[in-house]
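Written below as structure tokens is the structure these notes are about.
The values are calculated or read from the model by the stated rules, or taken from the named source; none is laboratory data. Remember, predicted model here, so these are calculated numbers, not experimental data. When we count neighbours, we look across all protein chains shown, and the Cβ atoms used for this are built from the backbone with ideal geometry, even at glycine. SASA here: full protein model, heavy atoms, side chains in, ligands and nucleic acids out. Shrake-Rupley method; radii C 1.70, N 1.55, O 1.52, S 1.80 Å.
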Amino acid sequence: MPMVVSRLSLYLAFPVALIAFWPADGPDQRWLLIPLLGALWLGQIFALHQWIRASRWLLIPTGLLTLTILASYLVAETWLSADIWQRWLDHLPGNWELFRSRPPVLSLCMMFGLTLNVLLLSRLGLGSPILLLLVAMGGVWLSYRSLAPPPEYASSTTAVPLAILAALWLFWSAQCLALLPTLHRYWRRILPPLAVGGLIALLAMISWQEQRQTDNLRLYDLAAGEGNDIATRMASETASHFKAMRRFTSFWNMLGYIPSRSEWEQQAKLYHDDFGYFRNIAFIDLEGTVIRVYPLRGNQKVLGTNLYLADSQDRAALDHPLVYGIEGQTGIVDFIQGGRGVISYLPVRDVVDGTLRGAVGMVVSVDKLLNSLLAQTSNQDRAVTLSGDRQLYFHYGPLGNLADWQYQQPVTLGADLLTLRVAPSLHWLQVQRSRLPEITLAFGILLAYLLHMVLYIYRRLAHQHRLANRANVSLREEMKERERLQQEIEWIARHDELTQLPNRRELLRWMDDHRDPLPLALLICDLDHFKSVNDHFGHLEGDRYLKTIAQRCRLPVERAGGLFARYGGEEFVACLPNCDRQTAGEIAEALRRAVAESGLFLPGNVPVTLSIGVSITDEPPIRRDRLFQAADDSLYRAKQGGRNRVVLTDAS
């Protein structure tokens, strides 16, 4: 069942991704992700059908291309600038823009992880579980970013189309379900390394996110700093030219009469040249008529115009100097001669009697004022606007490819409260954004993979070591058991199983090993009338008799340094090296008494007796057959002599 669902997920993945192409817009991240997903789809299908070589030829370039795009997030601006990346994109057909064309870093990490897992054939020993876990962790965070509102002050794309997100999850499901039987079989071995690797990856992602937010705030602060600087410069410049115009007005106050044209032009030229954003400097009489203006060029329409009668927005501001004798200012108004700006009016009065003689009009062009201020700043890679009452009064910089966020600050210009906005361009964001957060993420993921592999290999080697130890212990036990069995077999081959005495073979071998200490005595012992025991009492009782006699007789022989063996049936043989005739006779007599006193009885309540034939030799070389023959003859004579006796003979 898991394999069926795995194949179904794989077959659906790429068709789902193709939905992201609708609606078709200009080149963006979809134009890179969908071909990469298509190559991954084909490569995974090839691997599913065991076309491994074709799969590798397709997936290796896909992985390298994914790494190249990922490197654009990691390589320092001084090494490979955003302009170089953009120039490469410019060679592609269409209007490619780096900011919008580059997929989010997590989507690239997921793509590379899925591609690498197929190339590694989903093997546990090559880290397939940690790759799938890392892809899942990246997928969870990417899903959150794709479904939630974008973060404030984002400096790169953070979301992917939902169709592509669904396709990535389908690819992950197909690979995970294919690996599920193996994971279920070896989960105890995999779980601890997987948990450690996942924890390292989680910490790396949290650190990456914190660093990225910090860097985004840094970029916002840079834009805010530029906005504050522009606002400060504008306020300073306004105060400066207003102060200068007060000095200009005080000159005419001291003059005491209405200036002539030449006098006006001579004095106004100095101030107009100092403040290049002045549209003109005019003198207005008490009736509100402009009687002097500088420069005349471009301002002919103004000269002789009665501002009270003109369709102007500055009547209230004009009343301040001409009626009340105080300074007045307009907001941003449309000039009679064209353009927009602020007009400031300063009263001119006789310093002797205080009589009002008119007013000085200072006409400031908003465009020229702000252009002159912005020309003094180093950053030209942003848009600056000045607006108020839902009306845009000024725009400076690019019109498109701007960030989704902007800095705004209220400013006062004339009598109006306006809003100054600074919107950084996408190019500026690419250049200024720090690479450290993405480097932290990449190296954290790499560390998680490597640490998982080290722990997995360590646990696998430890498991193999335990198996080897168990095999060694089992082998040693088997060898000991074989050695014990071998010894048992060898012992059985040399001993009589019933009486536990050495058998005939062991006796002959033992005699060969102890032929040097002479004299050598050989005793052949035969139980008298033992057949009647088996016939009357049964063989089991006969076996008990034999075991009892063997135990009673072996002790005197072995105490004398000899060997007592069962020769066959009811016959026993004792071999005594370094034993003379007297000693041999004593030992033989001791054996006879031991049997007679054993408490064993023949039918008829007759004690069991033992006949012994003894042969002794003290001359080398020892001839074993002669020794046995002599002892057998002695035994025969003992039997003939009435049994229950010892007969000795000299084998020499």
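Results, tabulated for the structure shown:
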{"quantity": "Karplus 3J(HN,Hα) series, Hz, for the stretch 321-330 with 6.51 cos²θ - 1.76 cosθ + 1.60 (x for Gly, Pro)", "calculated": "x, 7, 9, 9, x, 10, 6, x, 9, 8"}
{"quantity": "For the stretch 164-213: rounded, prolate or oblate by the Cα gyration tensor [a/c cutoff 1.5]", "calculated": "oblate"}
{"quantity": "Cα centre as origin, Lys/Arg/Asp/Glu Cβ charges: the stretch 440-483 dipole, Debye", "calculated": "100"}
{"quantity": "Solvent-accessible surface ranking, highest first, for Ser143, Ser240 at 1.4 angstrom", "calculated": "Ser240, Ser143"}
{"quantity": "The stretch 408-459-the stretch 539-594 distance, computed between alpha-carbon centres (Å)", "calculated": "103"}
{"quantity": "Note, ³J(HN,Hα) from phi for the stretch 467-480, Karplus 6.51, -1.76, 1.60, rounded to Hz, x at Gly and Pro", "calculated": "4, 5, 4, 4, 5, 5, 4, 4, 5, 5, 5, 5, 5, 5"}
{"quantity": "Cross-link reach list, lysines versus Lys368, counting only Cα pairs under 23 Å and skipping chain neighbours closer than eight places", "calculated": "Lys243, Lys269, Lys301"}
{"quantity": "Read-out volume of the Cα convex hull per residue in Å³, derived from the coordinates shown; its label in [x] 234; [y] 170; [z] 321", "calculated": "[z]"}
{"quantity": "Solvent-accessible area of Glu619 with every protein chain in place, 1.4 Å probe, in Å² to the nearest 10", "calculated": "110"}
{"quantity": "Rounded to 10°, Cα long-axis angle of helix 581-596 versus longest principal axis of the chain", "calculated": "80"}
{"quantity": "Full-stretch length increase - Gln266, Glu481 - with 0.36 nm per residue and alpha-carbon distance subtracted", "calculated": "64.8 nm"}
{"quantity": "Relative contact order (percent, whole number), the stretch 611-652, Cα cutoff 8 Å, 6+ residue spacing", "calculated": "58"}
{"quantity": "Virtual paramagnetic centre 7 Å along Cα→Cβ of Leu447, amide N under 17 Å, in the stretch 198-214", "calculated": "198-212"}
{"quantity": "Whether the stretch 1-89 is rounded, prolate or oblate, judged on the alpha carbon gyration tensor where a/c under 1.5 counts as rounded", "calculated": "oblate"}
{"quantity": "Charge dipole (debye, nearest 20) of the chain; +1 at Cβ of Lys and Arg, -1 at Cβ of Asp and Glu", "calculated": "860"}
{"quantity": "Reach of Lys531 by Cα under 18 Å, taken over lysines that are not fewer than 8 positions away in the same chain", "calculated": "Lys547, Lys639"}
{"quantity": "Rounded accessible area of Trp51 (nearest 10 Å², 1.4 Å probe)", "calculated": "140"}
{"quantity": "Kirkwood-based Rg to Rh ratio, the stretch 281-348, C-alpha trace", "calculated": "0.92"}
{"quantity": "The chain, relative contact order in percent, only Cα pairs under 8 angstrom and at least six apart counted", "calculated": "11"}
{"quantity": "Met453 - accessible surface, heavy atoms, 1.4 Å probe, Å² rounded to 10", "calculated": "20"}
{"quantity": "Portion, in percent, of the accessible area of the stretch 347-416 that falls on carbon or sulfur, probe 1.4 Å", "calculated": "47"}
{"quantity": "Distance between the stretch 336-359 and the stretch 598-631 - C-alpha centres, whole angstrom", "calculated": "162"}
{"quantity": "Sparse-neighbourhood loop sites, trypsin sites (Lys or Arg not before Pro) in the stretch 379-464 - DSSP loop, at most 14 other Cβ within 10 angstrom", "calculated": "Arg390"}
{"quantity": "Heavy-atom accessible area ranking, 1.4 Å probe, most first, across Lys639, Lys531", "calculated": "Lys531, Lys639"}
{"quantity": "Surrounding net charge for Asn503, when Lys and Arg each add one and Asp and Glu each subtract one, Cβ distance under 13 Å", "calculated": "0"}
{"quantity": "Rel. contact order, % - alpha carbon contacts under 8 angstrom, at least six apart, the stretch 211-334", "calculated": "12"}
{"quantity": "Solvent-accessible area per residue for the stretch 193-268 (1.4 angstrom probe, square angstrom)", "calculated": "48"}
